[in-house]
Amino acid sequence: MSEPNANPLEPFIDAIAEAVARKLATRNGEVAGNRPDKPLAPYLTVAEAADVSRLSVPTVRSLIRRGKLKGHRVGRRVVVKRAELERFLDAN
């Protein structure tokens, strides 16, 4: 039998708190698909770099084109070193 002072909404509050914590973890630098126990990828696609930095994809492409951020060509794809992106974000 449940306690008389127990909040009937407690399970919902806990579920919401867990969902918010997961969303915040995703926004705090984890790339979609990476688990917290998995090491972060040393290279990011332009879309991933935009996601991590909270910039738009065209802005990241513009930074690469202007030489503010170094991009590396891998076949037809352009990637950015995570360390270089972090240095750029720290400096700006």
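Observations, loosely collected:
- Within segment 31-45, the set of residues being surrounded by 12 or more Cβ atoms within 10 Å (Cβ to Cβ) and either assigned to a loop (DSSP other than H, G, I, E, B) or modelled with pLDDT of 95 or more (or both) comprises VAL31, ASN34, LEU40, ALA41.
- Considering segment 67-86, the residues that are not in a strand (DSSP E or B) and not small (Gly, Ala, Ser) include one that is farthest from the chain's Cα centre (by Cα), namely ARG76.
- Cβ-Cβ under 8 Å pairs, at least 6 apart or on other chains, segment 76-89 side in contact (Cβ under 8 Å) with a residue 12 or more places away in the chain and over 17 Å from THR59 (Cβ atoms), far side of a type in the set (A, V, I, L, M) and assigned to a helix (DSSP H, G or I): ARG82/VAL52
- Checking each residue in segment 50-66 for being among the hydroxyl-bearing types (Ser, Thr, Tyr) and either outside any helix (DSSP H, G or I) or closer than 16 Å to LEU40 by Cβ (or both) picks out SER53, SER56.
- Of all residues making up segment 55-73, the number that are touching a helix residue (DSSP H, G or I) at 6+ places or on another chain (Cβ under 8 Å) and charged (D, E, K, R): 3
The values are calculated or read from the model by the stated rules, or taken from the named source; none is laboratory data. Everything numeric here is computed off the predicted structure, so don't read it as measured data. Neighbour counts are summed over all protein chains in view; Cβ atoms, including those assigned to glycine, are modelled from backbone coordinates with ideal geometry.
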